[in-house]
1. What are the extents of the Cα atoms of the range 192-339 along their three principal axes, in Å, largest first?
2. Kindly provide log₁₀ I(q)/I(0) values, in the same order as q = 0.11, 0.14, 0.24, 0.26 Å⁻¹, from the Debye equation applied to equal alpha-carbon scatterers of the range 3-89.
3. With the crude spin-label approximation of a point 7 Å out along Cα→Cβ, what separation in nm comes out for E3 versus V228?
4. Can you count the Lys pairs in the range 3-89 whose Cα atoms are under 19 Å apart, with each pair 8 or more apart or on different chains?
5. Take the Cβ-Cβ distance between A85 and S13 as r, set R0 to 22 Å, and report the resulting FRET efficiency rounded to the nearest 0.05.
6. When ligands, DNA and RNA are left out and all protein chains stay put, how many square angstrom of accessible area per residue does the chain have with a 1.4 Å probe?
7. If R0 is 22 Å, what FRET efficiency do you get for L106 and R252 from their C-beta distance, rounded to 0.05?
8. Considering only protein heavy atoms and a 1.4 Å probe, what is the carbon-and-sulfur percentage of the accessible area of the chain?
Amino acid sequence: MNELEAKLHEARSEGLAAIAACGDLAQLAQVKARYLGRQGSVSLVLEQLGQLPKEQKPVIGRLANEVKRALEEAVAAKRAELETAATQAVAVDPTLPGRRHRLGRLHPLTQIFDETVRIFRRMGFAVEDGPEIETEWHCFDALNTPANHPARDIQDTLYVDLPPHPQHGRYLLRTHTSPVQIRTMLKQRPPVRIVAPGRVFRRDNPDATHSPMFHQIEGLYVDRNVTVADLKGTVEFFFKQLLDPATKVRFRPHFFPYTEPSFEIDLSTPRLRAAGKEWIEIAGCGMVDPNVFSAVGYPPDEYTGWAFGFGIERLAMVQYGIPDIRLFTENDVRFLEQF
Ligand code: DAH
């Protein structure tokens with residue numbers, strides 16, 4: 001064996017061992033240069049090939065190519081192995097912080113609904129609902145609202161393009177939750193104690209304080225000997241529970257077609273007082289008008305009752321200082337996560 005042959009054998013065994021020992025890609029690149037680079041041991045042998053006797057050239061040449069290919073294959077295999085190890089190491093790196101799931105929460109209006117229902121349930125009230133597409137009769141006539149009342153105008157009410165109901169007139173999107181009073185009394189006899197949360201619709205152009213869709217809660221209590229004192233006591237207890245025990249509640253005479261007498265309810269909460277506001281008008285209420293009892297077949301001289309209704313968006317806006325009603329429907333997490 002001549003000197004060059006010996007060098008090639010040595011390059012092969014040492015090279016393969018060095019490649020196998022590489023721990024990362026940088027080391028592998030260095031080893032590759034040492035054996036296969038332009039100044040590498042195999043290249044140096046190939047350079048000297050020209051000076052060899054004629055009969056030795058093919059033998060050494062073939063051996064040199066063999067060694068070169070063996071080393072190249074070993075480098076490629078080692079590179080693949082190191083690259084796989086690198087990606088796997090990233091995928092299972094136990095020192096990386098875990099991925100946090102963002103916690104959702106209930107919409108502020110849902111929270112007010114839930115809390116309202118919870119408070120009234122403790123006082124023996126049940127929850128009722130009714131259709132959002134109502135009839136003129138349930139929404140207005142049965143509630144003692146005359147045919148020429150401005151609320152019924154197509155300027156204010158969204159009528160639905162359907163053939164009218166034979167007895168109950170045109171279909172419309174309910175403008176308040178009060179028709180749930182009618183539907184409840186039609187299906188049961190007193191005593192009636194219900195709250196009815198739901199969506200209502202009015203023909204309004206959206207701006208900071210108007211929305212064509214918003215939410216109300218209706219309350220109704222009917223029995224023998226129900227008085228204004230029951231109304232005041234219940235409403236006051238409710239708002240103190242919902243908002244703050246230091247909430248003050250005030251009743252002002254008003255008019256609604258379906259109650260007599262009727263009142264508007266003003267609130268003063270510590271939060272509002274701190275913001276420099278005294279009284280905020282928040283709800284309507286009153287003693288159920290005898291004409292409403294007649295419409296649902298309750299003898300008006302036997303029963304009395306009270307009812308109230310108020311808008312949830314408005315309550316949330318005054319209580320939390322929300323400047324624009326459209327925030328409730330935009331679903332911006334920066335808004336929602338504050339509640
Ligand atoms: N329906 C009224 C409104 O939409 C609120 C209301 C007032 C409801 C008086 C009542 C009530 O039940 O007795 O503004």
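The values are calculated or read from the model by the stated rules, or taken from the named source; none is laboratory data. Predicted, not measured: the structure shown is a model, and the values here were computed from it. With ideal geometry, Cβ positions are generated from the backbone for all residues, glycine too; neighbour counts draw on all protein chains shown. To get the accessible areas, we keep the full protein, side chains included, count just its heavy atoms, and leave off ligands, DNA and RNA. Shrake-Rupley method; radii C 1.70, N 1.55, O 1.52, S 1.80 Å.
1. 53, 35, 23 Å, listed from the longest principal axis down.
2. -0.33, -0.50, -1.10, -1.23
3. Distance between label points: 12.5 nm.
4. Step by step, the pairs that qualify in the range 3-89 add up to 7.
5. FRET efficiency, A85 to S13: 0.30.
6. 56
7. Efficiency, rounded to the nearest 0.05: 0.10.
8. Working: 9830 of 18830 Å².
With neighbouring chains kept in place, the figure for the chain is 52 percent.
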